[in-house]
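The values are calculated or read from the model by the stated rules, or taken from the named source; none is laboratory data. Quantities reported herein were computed from a predicted structural model and do not represent experimental measurements. Heads up, the Cβs are rebuilt from the backbone with ideal geometry, glycines too, and the neighbour counts pull from every protein chain shown. Ligands, DNA and RNA are excluded from the accessible area calculation, which covers all protein heavy atoms including side chains. Shrake-Rupley method; radii C 1.70, N 1.55, O 1.52, S 1.80 Å.
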Amino acid sequence: MTKLINPGLMKTSRRNVLRGSVLAGAAAMTGAGAMAARRPQPSLKADAVSRNLHKAAADGAAASTAKPADLSGYTRVRQELVAPPFAPQHEQVATGGPKIIEITMVTEERLMVVDEDTGASVWALTYNGSVPGPLIICHEGDMVELTLRNPADSMMEHNIDFHASTGALGGGGLTHVYPGEECVLRWKATKPGCFTYHCAPGGAMIPYHVAHGMNGAIMVLPRDGLKDAQGNPLRYDSIAYIGEQDYYLPMDENGDYKSYDTAGDDYADSLDAMRTLIPTHQVFNGAVGALTGENALKAKVGETVLMVHNSCNVDSRPHLIGGHGNHVWESSFSDAPLTGMETWFVRGGSAAAAMYTFEQPGVYAYVNHNLIIGAMLGGTAHFVVEGAWDNTLMEQVVEPRPFES
Ligand SMILES: [Cu+2]
């Protein structure tokens, strides 16, 4: 398929249009001709401003003549990333000196079913094939050294902006990789806490990639581990890594979800759907039911779980039905955790952690307590907890029965 953008100046294929953030605005005009032409001009201007910012950041960093970083005293280790909801092997309390943590992420564009009941699907844009991207864990003072690879058969350019990092648009300005390219970025984790990361090619491609799943979280632990408000150590038995994903899936005139042949084909339709700011789905870990039924999270009474919740684009209010957030860090791990929370807040564009020790067996629903999102848009996960029931905490004194009035 060949289309002309800026007729007379440039001949391009759809692939070229979608690859370049510089061309993102042009893609909006070519993706679905008539619909694109109806778009209001101001948003295209905003798109251009954002694209120019990204180009300037990349140019500025490339021209740097700063002296090389002193890496003496660091030990190199490799972290094998794993798919959500699991966490990579890590130490809760760091041993030894600071480390350079080598990780590799591959930008995979893949067709994913979002809701089996309706057939809703999306050409997800991912890091390592999952929505959210893998959880990275390091300690304050470590360096993260990422190799970012974009396979040759990709349709689009990708990059990464780490909210935990400092400078060059979070690394976004230094990591633009076109299909068939790779790059290596090293940055120092100076702020402890949970942070989101996401793709940010520039302009409208930023929310397009984020709303197609291209985001995840990194947890930067204090070197001596997590602590309560009094400074006592807190430890967890497991991590449940949950990524909240808002999708804006285009529908046809009959209200059926549209399907597309390749990644990027939905660009113009998606921008129209995104502009409503009303998600068609707001799910945990990429799809409706990704963390329920046979995919439910598992725990035992007495076990402590650290729930790491990433929400790159939209505000969320996680609530564990039947449990609590015993210790919640909505902000830095340097801050005293909030305690005994019924519901906590994850600002769109951030990640947060909540710690809970299960006291009763059964099924717990972990939901976005905007219950419209939790029950109707897909924002629900389940914990299945084994153990012995404690009647002192709760007892059904009388089963439901008819009564005489
Ligand atoms: Cu991307």
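A 1.4 Å probe run over the protein chains yields, for segment 179-287, 35 Å² of accessible area per residue, whole-number rounding.
Quotient of the Cα radius of gyration of segment 194-292 and 2.2 N^0.38 Å, N being its number of residues: 1.44.
Only Cα sites of segment 188-244 enter the Debye sum here, all with the same form factor; the resulting log10 I(q)/I(0) across q = 0.28 1/Å is -1.16, listed in q order.
For segment 176-274, the list of trypsin sites (Lys or Arg not before Pro) that fall in a loop by DSSP and count at most 11 other C-beta atoms within 10 angstrom reads 235. The largest accessible area among 363, 144 belongs to the first residue in 363, 144, and the rest follow in falling order (1.4 Å probe, all chains). The listed peptides 191-201, 327-337, 166-176, ordered by packing as a protection proxy, come out as 191-201, 166-176, 327-337 (highest mean of other Cβ atoms within 10 Å first).
Here segment 199-314 carries DSSP beta bridges of which approximately 50% are antiparallel, counting only pairs with both residues inside.
Ligands, DNA and RNA left out, the 1.4 Å accessible surface of the chain is 54% carbon and sulfur atoms.
The translational diffusion coefficient of the chain, from Stokes-Einstein at 37 °C and 0.692 mPa s with a Kirkwood hydrodynamic radius over alpha carbon pairs, comes to 146 µm²/s. The length gained by stretching the chain between residue 75 and residue 227 to full extension, at 0.36 nm per residue less their Cα-Cα distance, is 52.2 nm.
The 3J(HN,Hα) values that the Karplus relation (6.51, -1.76, 1.60; θ = phi - 60°) gives for segment 331-336 are, in residue order, 10, 5, 5, 6, 7, 5 Hz. Gly and Pro appear as x. What shape does segment 343-405 take by its C-alpha gyration tensor, where a ≥ b ≥ c are the square roots of the eigenvalues and a/c under 1.5 counts as rounded, a/b above b/c as prolate, and the rest as oblate? In terms of gyration-tensor shape, oblate. Residues of segment 303-333 falling in the label zone of residue 235, defined by backbone nitrogen less than 13 Å from a point 7 Å along Cα to beta-carbon, are 304. The spacing between segment 340-367 and segment 280-307, judged by their C-alpha centroids, is 11 Å.
Separation of segment 212-264 from segment 108-124 is 17 Å, based on Cα centroids. Pairs with C-alpha atoms separated by more than 29 Å, drawn from the list 191/300; 99/300; 227/298; 67/99, are 191/300; 99/300. What does the charge count around residue 136 come to, taking other residues whose C-beta lies under 13 Å from its C-beta (Lys +1, Arg +1, Asp -1, Glu -1)? Within the 13 Å Cβ shell, the charges total -2.
The protection proxy used here, the mean number of other Cβ atoms lying within 10 Å of each residue, ranks peptides 282-289, 305-312 as follows, highest first: 305-312, 282-289.
DSSP finds beta bridges in the chain, and of those with both partners inside it, around 70 percent are antiparallel.
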